[in-house]
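Here is the structure we will look at, set down as C-alpha cells.
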Amino acid sequence: MDCLLMRHGVAVEMEGWSGIDETRPLTNEGRTQVRLVAQGLSAMSVSPTHLISSPLCRAQETAELIRASLCPSVTMIVCDALKPDSSPEILTAFLQTIHASAVILCVGHEPLLGTTAGYWLTGHISHSYLMKRAGVGLIRMPSTPQIGEGLLRWWYTPAQLITLSHIDLTRSKGER
C-alpha cells in the first residue's frame, strides 16, 4: 500500500476569520499553490485510487482541487480520522480497512500527519516529520499500514512539487 500524506493548502488566518475554525477556507494563494502541487504530483505519475479528506473546509477544498487535477474519477471520502484532534492510531486503524494494493492520498492537518509518519516509520509517535502547507509525503507499506513498517519514499515541500510541475519528467534523459 502506498500512503500519500498531504497537508491542506494555505488557509485564511484565524485572526482574519470571523467563523469557526472548521469552516476556514483556502486563500486564493492557497488554491493556486494546491493546483501547482497537483501538477507536480501529476508529473511524477502519482495516481491515487483513494482520496480521503479531513472534514474541515480547508482540507476538503485541497482534496477537491487535487481530485479535479489528478484523479477526477476517484470519489473523495470525508473521514474524521483525519481531523486535527485525531491520532495516528485512529488513522492507521481506518486505513487498515482499505485493500493493500491501494494508493491512498490523505489530506489533513499538522501535527497529525507528521506524527502519523513517525508512527508508521519508527513505531513511535514522533514530531520529527513536519509537513509544510500543501506538502506531500509518500510512505510505502508492505501491506496495510502497520506501526514501524513503513518505508519513506519521499517527503516534498510545496516549492519542490511546484518546481516539478514545470519539468517534463516523461522525456528521456537523452532529450534533456
- Cβ-Cβ under 9 Å pairs, at least 6 apart or on other chains, segment 1-29 side free of Cβ contacts under 8 Å to residues at least 24 places away in the same chain and within 20 Å of Leu51 (Cα to Cα), far side of a type in the set (A, V, I, L, M) and surrounded by fewer than 11 Cβ atoms within 10 Å (Cβ to Cβ): none
- Query: Tally time: how many residues in segment 37-85 are assigned to a helix (DSSP H, G or I) and surrounded by fewer than 22 Cβ atoms within 10 Å (Cβ to Cβ)?
  - Reply: 13
- Task: Could you list all residues from segment 39-62 that are within 17 Å of Asp2 (Cα to Cα), of a type in the set (Gly, Ala, Ser) and under 13 Å from the mean Cα position of the chain (by Cα)?
- Result: Ser47, Ser53
- Message: I want to confirm something. Restricting to segment 147-176 and keeping residues that are out of contact with any Pro (no Cβ under 9 Å at 6 or more places or on another chain) and of a type in the set (Gly, Ala, Ser), which single residue is modelled with the lowest pLDDT?
- Response: Ser172
- Leu41 fails exactly one of (1) within 30 Å of Glu149 (Cα to Cα); (2) touching a strand residue (DSSP E or B) at 6+ places or on another chain (Cβ under 6 Å); (3) not aromatic (Phe, Trp, Tyr), namely (2)
- Task: Kindly state which strands (runs of 3 or more DSSP E) lie completely within segment 87-160 and contain at least 2 residues that are of a type outside the set (S, T, N, Q) and exposed (fewer than 15 other Cβ atoms within 10 Å of the Cβ).
- Result: 151-156
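Conditions (1) free of Cβ contacts under 8 Å to residues at least 24 places away in the same chain; (2) closer than 23 Å to Ser42 by Cβ; (3) among the charged types (D, E, K, R); (4) in contact with a Gly (Cβ under 8 Å, 6 or more places away or on another chain), marked per residue:
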position: Cys106; (1), (2), (3), (4): no, yes, no, no
position: His127; (1), (2), (3), (4): yes, no, no, yes
position: Val136; (1), (2), (3), (4): no, yes, no, no
position: Ile147; (1), (2), (3), (4): no, no, no, yes
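The values are calculated or read from the model by the stated rules, or taken from the named source; none is laboratory data. Quick caveat, the model's predicted, so the values are computed rather than measured. Backbone-built Cβ (ideal geometry, glycine too); neighbour counts: all protein chains shown.
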